[in-house]
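*Asks:* First, the structure itself, so that you have it in front of you.
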Amino acid sequence: MDNNNSFNNFKNIDLGNDFNSQNTYLKDIENKNANKKNNISNANKLRIVIYSLITIFLLFLIFNQNILNAYFLDKANKAYSKGNVEEAFKNYKNAFATKMDNKKYVPRYYSTMEKMKFYPIVQKEMIKLKTNYNNQKVNGRINSLFERKRIEILSEAGANYIDHTPTNSNIIHWNKEFPIVVKIEQNSTPDFYVAQIKEAFYDWSRALNGELVFKFTNDENSDIDISFVDSISGATEQYGKKIEILGSTVPVYSGKNLSKTTIKFKKNDIDGTEFTGNQIYNLSLHEIGHALGISGHSYNRDDVMYPTNNDATWAGEIETLLISKKTLSDRDINTIKLLYNTIPDITNHYYSCDYNYGLYYPEVVFGSQEKMAEKKLKESQTYMTMISGNYISYMDLGEGYFATKNYTEAKNAFLSAIKLAKESTEFYNAYYNLAVTSFEAGNYEEAIDFAGIANSYNDEKRANEIIGFSYIKLKDYKKAQKQFEELVKENPDNILFSYTLADVYFSRYKFFKAFGEIKRMKSRNPGVFSDELYSHYKIIGMFL
Ligand SMILES: [Zn+2]
């Protein structure tokens, strides 16, 4: 979402002077030309003149948005007066994209949208209108429309705990159009463990009416990795009872891209004996629920996503598990269905859902970001009272504080988590979160330091993007360029990195390098200009 302040999600970073230096770019080219005057051939001279003219023309097109705005507005108004809602919408949308401060047409744009079906594209434009065009009357109407829709959606969904599904205020789930590839570690794993885990996957798939398909493989390229370990850190004592974590699920994502989720099961029960079939099934149902995108827990004992069996009534991550087999409750099923009808902030393959009626943006389902953040904090505080003093609960609490923008408390919680961390992925995740927290708090040097430590625990050096964006904030474009050149090399299809690199080149007056990057992205991904992030470069892209 446009105003999503979240871990990993840096698309709101403003690049400072990205588009302000148009005249300087030209001067730069002129200076370069002047310097080389003596050893330049006539053919090259001509080429440079042509390039410069094209450049001036392109810049004129890009920066003179008034012309585009007037053009679309005229078409929109004509369609509007003829009652052609769809056509009016399309043109108002383009007009709005070129210029957002023309007060006159915005109420008419909103009225047009009100007449349309509640398509995702309509929701998206309303959210944009709310964020970019601050008109009390229009915003009030959008807010009350969203509130009405929210009540409608929730009552249709039936009892659920959807409020506990976001991860750092982001909706994460897999794209249903693809089979989700699952790899289960087979080495010395009892066969019946594998069979029960597969059954748990099939039961979740059935809950979603088979819309979610799983494929089991031993290949390296998997979406969900399941492994078995001797112990999961986080064992603790509470109310005089030994508490042990039996399963843990961690999503790995970068920007908007969910690359993997890892599930770890403890090999044996708390007393050192093998789990029974029912136990491993119950535990799998719970952890798979996390892996499918239910980040938090239900606090209703009948649900599979209840986190603990403190008084031995049910099974979850901790202590010994219930002997009898659990089944997904109606609340579990309603929650996963609603989650998969919510458009994810983070997913494995992007899909266009603009006209997919029945899908909703998170803001419609959850209410405002602030409301969502408060719920997250409350949930993590509840979890802390149930399972206190371990790595996971401190990480969760940190995320709760982060969501509510209380960066000081978030930092404290992540530092506490580090004291309890044992494995390198735990250190990595905690330092990564610390880096993002420092970044959001505006402490960019500190963010670079924490990201550096995080990288030392991660071969793929995923924290590099935080370092890159921090250098941009510090206006050290030279260092930012180096970071993003590496990031683009490692992730050639990542639109955010490519877009940012092009912008950094512009900031450093490296005009042709910027064009080169846009051209490279276009050749790898011809549809890239339909991405909002890249749409600025649409016109340049036509000529490359
Ligand atoms: Zn859990």
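*Asks:* So what does log10 I(q)/I(0) come out to for segment 78-190 at q = 0.17, 0.21, 0.22 Å⁻¹, using the Debye formula with one equal point on every Cα and no solvent?
*Replies:* At q = 0.17, 0.21, 0.22 Å⁻¹ the computed log10 ratios are -0.97, -1.20, -1.24.
*Asks:* Which ordering of Met542, Met372, Met386 is given by a fewest-first count of other beta-carbon atoms within 10 Å?
*Replies:* Taking fewest neighbouring Cβ atoms as first place, the list is Met542, Met386, Met372.
*Asks:* Moving on. List, in order, the whole-Hz ³J(HN,Hα) value for each residue of segment 172-182 obtained from phi through the Karplus relation with A = 6.51, B = -1.76, C = 1.60 and θ = phi - 60°; use x for Gly and Pro.
*Replies:* 10, 7, 6, 6, 6, 6, 10, x, 8, 8, 10
*Asks:* Given H placed 1.01 Å from N in the peptide plane, which residues other than close sequence neighbours of Lys260 have an amide H under 5 Å from its amide H?
*Replies:* Amide H neighbours of Lys260, under 5 Å, 5+ apart: Val252.
*Asks:* Step through the residues of segment 371-379 one at a time and calculate ³J(HN,Hα) from phi using the Karplus curve (6.51 cos²θ - 1.76 cosθ + 1.60, θ = phi - 60°), rounding each to whole Hz and writing x for Gly and Pro.
*Replies:* 4, 4, 5, 4, 5, 4, 4, 4, 5
*Asks:* Restricting to bridges with both residues inside the chain, how much of the DSSP beta-bridge set is antiparallel, in percent to the nearest 5?
*Replies:* Of all bridge pairs located within the chain, approximately 50 percent are antiparallel.
*Asks:* If I take R0 = 45 Å and measure r between the Cβ atoms of Glu490 and Lys104 in this structure, what FRET efficiency does the formula 1/(1 + (r/R0)^6) give, to the nearest 0.05?
*Replies:* FRET efficiency, Glu490 to Lys104: 0.45.
*Asks:* Now for a different question. Taking amide hydrogens as modeled 1.01 Å from N in the peptide plane, which residues meet the under 5 Å criterion relative to Asn175, leaving out close sequence neighbours?
*Replies:* Asn348, His349
*Asks:* Can you quote the Å³ per residue value for the convex hull of the Cα atoms in the chain, rounded to an integer?
*Replies:* Enclosed volume per residue, from the Cα hull, is 159 Å³.
*Asks:* 5 Å is the cut-off here: which amide hydrogens, built 1.01 Å from N in the peptide plane, fall below it relative to Phe216, excluding neighbours closer than 5 in sequence?
*Replies:* Those qualifying (amide H under 5 Å, at least 5 residues apart or on another chain) are Val182.
*Asks:* Past the 27 Å Cα-Cα mark, which pairs from Lys124/Lys375; Lys130/Lys375; Lys371/Lys419; Lys128/Lys479; Lys411/Lys461; Lys198/Lys376?
*Replies:* Lys371/Lys419; Lys128/Lys479; Lys198/Lys376
*Asks:* May I ask you to sort His290, His349 by Cβ crowding, counting other Cβ atoms within 10 Å and putting the fewest first?
*Replies:* Least crowded to most crowded, the residues run His349, His290.
*Asks:* How much of the pair distance distribution for segment 163-367 lies past 29 Å, counting alpha-carbon pairs only, in percent?
*Replies:* 22 percent
*Asks:* OK, next. State to the nearest 20 debye the size of the charge dipole of segment 491-544 about its Cα centre, where the only charges are +1 on K and R beta carbons and -1 on D and E beta carbons.
*Replies:* 280 debye
*Asks:* How large is ³J(HN,Hα) for each residue in segment 215-228, as worked out from phi by the Karplus curve 6.51 cos²θ - 1.76 cosθ + 1.60 (θ = phi - 60°), to whole Hz, x for Gly and Pro?
*Replies:* Values per residue, Gly and Pro as x: 10, 9, 8, 10, 5, 5, 7, 10, 8, 10, 9, 10, 9, 10 Hz.
Throughout, read-outs are computed from the coordinates displayed, never taken from laboratory work. In this text, all values refer to a predicted model and were calculated from it rather than measured experimentally. Here the Cβ is made from the backbone with ideal geometry for all residues, glycine too, and neighbour counts use every protein chain on show.
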